[in-house]
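The values are calculated or read from the model by the stated rules, or taken from the named source; none is laboratory data. Everything numeric here is computed off the predicted structure, so don't read it as measured data. The area values use the complete protein model at the heavy-atom level, side chains included, leaving out ligands, DNA and RNA. Shrake-Rupley method; radii C 1.70, N 1.55, O 1.52, S 1.80 Å.
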Amino acid sequence: MRRTLSLVLTLVALVATAPASIEAQLRPSIEAELLVLWPNLDDRYINSRWLHGAVGVSTPIVRGTRLSWVGSAQIAGKLAGSGEDLDCMMAEGHTGCVGHMDVSPRGALLTGVAYHDQSIILRLQGGVARYHREWGGAKNAPQARVDIIFPPRSKVGLTISAAHAWFGDHLGQTLRMSAFGVGMRFVP
């Protein structure tokens, strides 16, 4: 009986706080996350074995009852890394040294749609991400991103993200970078 009463009271509390939760989802937020990256090319040539951190802001541009148009900006950097930096490597079909390139994210500007209800926010965004490359300088790359945000409270939520960026050719192959992250969303 106590468990049933506790469950009913919890459900009542969730329903009672739902309007505040939805209102919080429609306001600008600050987000922080930890990211790991996976290149599509052989990791002998591309090193992304690092833990990256990112901090950003997201804000609704056009608000709706279930769908909103949102914009996001993010800065990122390497927190910890592993792997060797190989200065000279031979690649099939190439003469001389081709090197081993370290790649890490620096930030992104994205826009897209957000679906929100009482339990989640689902954002689908696209835009430009900036990556640092060990050689060849910084590179802007088109990026697509999906975020799922679980706001258990009106001010704080858990975020899970997946992103995919396209760099162009590297050693005769298309270089793509996938990123997966987990973090927190804060609504001031």
Accessible-area value, ARG106, 1.4 Å probe, nucleic acids and ligands omitted, Å² = 100
Taking a probe of 1.4 angstrom, what is the accessible area of PHE150 in Å², to the nearest 10?
-> 80
Got a number for the accessible area of SER178? Probe 1.4 Å, square angstrom, nearest 10.
-> 20
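Which sequence of HIS132, HIS116, HIS164 reflects their accessible areas, 1.4 Å probe, from the largest down? Present the calculation step by step, with values, prior to reporting the outcome.
Numbers: HIS132 75, HIS116 5, HIS164 50 Å².
These residues rank, largest area first, as HIS132, HIS164, HIS116.
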